[in-house]
Amino acid sequence: MQASARAYLEGGRSGQGLMALRAEVDRIMAGFIANGAQTVEPAVLLSAGMLIDLYGEDLRARAYTTHDPVLGEQMLRPDFTVPVVQMHMAVGNEPARYCYAGQVWRKQEPGSDRPAEYLQAGYEVFDGANVAAADAEVFSLISSVLDGLPVQPVTGDIGIMLAAIDALETNDRCKAALRHHAWRPNRFKRLLARYSEGATVSKDRLALLQAAKSGALKDVFAKNGPAIGLRSTAEIAARIEILLAESESPPIAREQVDRLEQVLAVSGQTGVAIQRLQALGADTTALEKRANALEKRGVNGFELPFEASFGRTTLEYYDGFVFGFYAPDHPELPQIAQGGRYDALTRVLGQGNGIPAVGGIIRPEALLALKAAL
């Protein structure tokens, strides 16, 4: 790769390539500002602490962190939404609209060709007056920036998935575990199978659970020698207590598991998806209101592609509407734009005082790379 190359974009760090990139960012930001957004610029170096947990397991493992003797553990900004929410909750002026542009950093796995540094330009709305209208505003604004480009939209709603999990007849601990792993589909599938009727338990796990029931865990630890690895004996014991509680819970009925899997498999045009979800007993009120709000903005809301599982491999703070725009003829490029609703995140950072919020980002380098390929 050339020294002047940057994320998805050759020659983007100097000369004409850099000028073109800056002009593209200026164009995007001008559209956001014209829509009433206030420009903000969160710090590049953030206090890690609680923020690492907010980003979820995937991004937590990919954050660049360092320790400052005065400030404590710090991390390079892995995205803009969380620090923008922090800024907003500290001021609290509502409703509010913000826009930003700048670099973010994320570690990648060995051998990955995904960039560790790239640009984000984004738009965030904090407004609880009409949630569906705010969702439609963000989607249509991002769509307008991409107008004329060969991109394909896709939408989803994390709330549908979370509601389906909450409807399962099992204890709160099992539901919490399923919610926690909902963003890791393979783990989620294994966990759901473990909680379901007909699940098998290995001999080793069965022996361990029997020892826990009889209060003989100390003997088990003593027979297996000193503790090795990163987990302490206390942490192992706590994990065994969780497994014990799970084993004593009634298994989830097969028909409930089937229904959940059918909900997650729903895809198609939004109007058709609404009918299928309703047939499965899901509440589609939010989807219908959003589709109608999009229609008012000139977007065919009921014809937009919808996937009930869309967003399950993105950021874990999304809890409602999610969307993305990708270039089907250029699989080497990431999603050109994406976003979603994150109401619960504002409650966490606002210490219980939240506000409905939704936002979206565009990757300017990927956008220019797509234009160059046309």
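Since every read-out is calculated from the coordinates, none of them should be taken as a lab result. What you see is a predicted model, and the numbers here were worked out from it, not measured in a lab. As a convention, Cβ positions derive from the backbone with ideal geometry for all residues, glycine included, and neighbour counts pool all protein chains shown.
Coupling constants for the stretch 92-106 follow from the phi torsions by the Karplus curve (6.51 cos²θ - 1.76 cosθ + 1.60, θ = phi - 60°), and in residue order they are x, 6, 9, x, 8, 10, 10, 9, 7, 7, x, 7, 10, 10, 9 Hz; glycine and proline get x. Computed from phi, the 3J(HN,Hα) profile of the stretch 30-42 under the Karplus parametrisation 6.51, -1.76, 1.60 (θ = phi - 60°) reads 4, x, 5, 5, 5, 8, x, 7, 8, 6, 10, 9, x Hz, with x in place of Gly and Pro. Extending 7 Å from the Cα toward the beta-carbon at both Gln152 and Tyr64 defines two label points whose distance is 3.4 nm. Please label the shape of the stretch 270-374 as rounded, prolate or oblate, based on the square roots a ≥ b ≥ c of the eigenvalues of the alpha-carbon gyration tensor (a/c under 1.5 means rounded; beyond that, a/b larger than b/c means prolate, else oblate). Taking the square roots of the gyration eigenvalues as a ≥ b ≥ c, the stretch 270-374 is oblate. Length gained on full extension, Ala193 to Ala372, computed as 0.36 nm times the residue gap minus the Cα-Cα distance: 59.8 nm.
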